[in-house]
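The values are calculated or read from the model by the stated rules, or taken from the named source; none is laboratory data. These figures come from a predicted structure and were not determined experimentally. We place every Cβ from the backbone using ideal geometry, glycine too, and count neighbours over all the protein chains shown.
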Amino acid sequence: METSSRLEQAIKKLYIAFHNHELHPECCKQCAVGNILDNTDSWKHLSDHHGSLKLNYVGQVHESLGRKFNGYSPLELLKIEAIFLKACGYQLPIHHKNSKPKNPTSKDVLFDGLSAVIVFLCRLDNIPNVMDYSKLFEYENDKPRYKLKDVLL
């Protein structure tokens, strides 16, 4: 399956962050988008609230100029972050009065967030979900429908 450079880079960065304990939903440099954007927090100036889907003036200007940040538009970045946070168990936007997971850096919580993000990133690039291994278990006449190497490529 052919993937875009932006998708490959995003997944690689998220994979590294996840396994190096450098993924934290409440930190703008270590959240999903912070990691995709090379651990910078400049993206937080695109919106007024962490987890919001509403671009502020700065975000609207960048969006209207067609700017991309590591291949993603400002609105796509906000969507990525909102999906990540929501799948991690946050009530959006992040606010001290809103609910959040008890242990935001738990591997289970982060895996749920990353899984949802990867589904969205694949959808953005119009490719099947790279984390969907259901084809491994499809069968026909009691035999595997696909060879393992065909599913994992």
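Give me a count of the residues in the stretch 13-51 that are surrounded by 15 or more Cβ atoms within 10 Å (Cβ to Cβ) and over 15 Å from the mean Cα position of the chain (by Cα). Qualifying residue count for the region: 4.
Is it the case that some residue within the stretch 78-98 is modelled with pLDDT under 95, within 16 Å of the chain's Cα centre (by Cα) and among the hydroxyl-bearing types (Ser, Thr, Tyr)? The answer is no; no qualifying residue exists. When Val117, Val61 are screened for being of a type in the set (A, V, I, L, M), over 15 Å from the mean Cα position of the chain (by Cα) and at pLDDT 95 or above, only Val61 passes. Phe137 meets each of the listed conditions (1) in contact with a strand residue (DSSP E or B) (Cβ under 9 Å, 6 or more places away or on another chain); (2) free of Cβ contacts under 8 Å to residues at least 24 places away in the same chain; (3) surrounded by 14 or more Cβ atoms within 10 Å (Cβ to Cβ) apart from (3).
Within the stretch 50-67, no residue that is within 21 Å of Lys29 (Cβ to Cβ) and among the hydrophobic types (A, V, I, L, M, F, W, C) sits with its Cβ atom under 6 Å from a residue that is assigned to a loop (DSSP other than H, G, I, E, B) and at pLDDT 95 or above at 6+ positions apart or across chains.
Okay, residues lined up against (1) in contact with a Lys or Arg (Cβ under 7 Å, 6 or more places away or on another chain); (2) basic (Lys, Arg); (3) assigned to a loop (DSSP other than H, G, I, E, B):
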| residue | (1), (2), (3) |
| --- | --- |
| Leu53 | yes, no, yes |
| His62 | no, no, no |
| Leu78 | no, no, no |
| His95 | no, no, yes |
| Lys102 | no, yes, yes |
| Leu110 | no, no, no |
| Leu114 | no, no, no |
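Could you figure out which of (1) of a type in the set (Gly, Ala, Ser); (2) more than 14 Å from the chain's Cα centre (by Cα); (3) at pLDDT below 95; (4) surrounded by 16 or more Cβ atoms within 10 Å (Cβ to Cβ) isn't true of Ser4? Against the list (1) of a type in the set (Gly, Ala, Ser); (2) more than 14 Å from the chain's Cα centre (by Cα); (3) at pLDDT below 95; (4) surrounded by 16 or more Cβ atoms within 10 Å (Cβ to Cβ), Ser4 comes up short only on (4). Output the number of residues of the stretch 26-42 satisfying the condition of being in contact with a Cys (Cβ under 8 Å, 6 or more places away or on another chain) and at pLDDT 95 or above. Adding up the residues that qualify gives 1.
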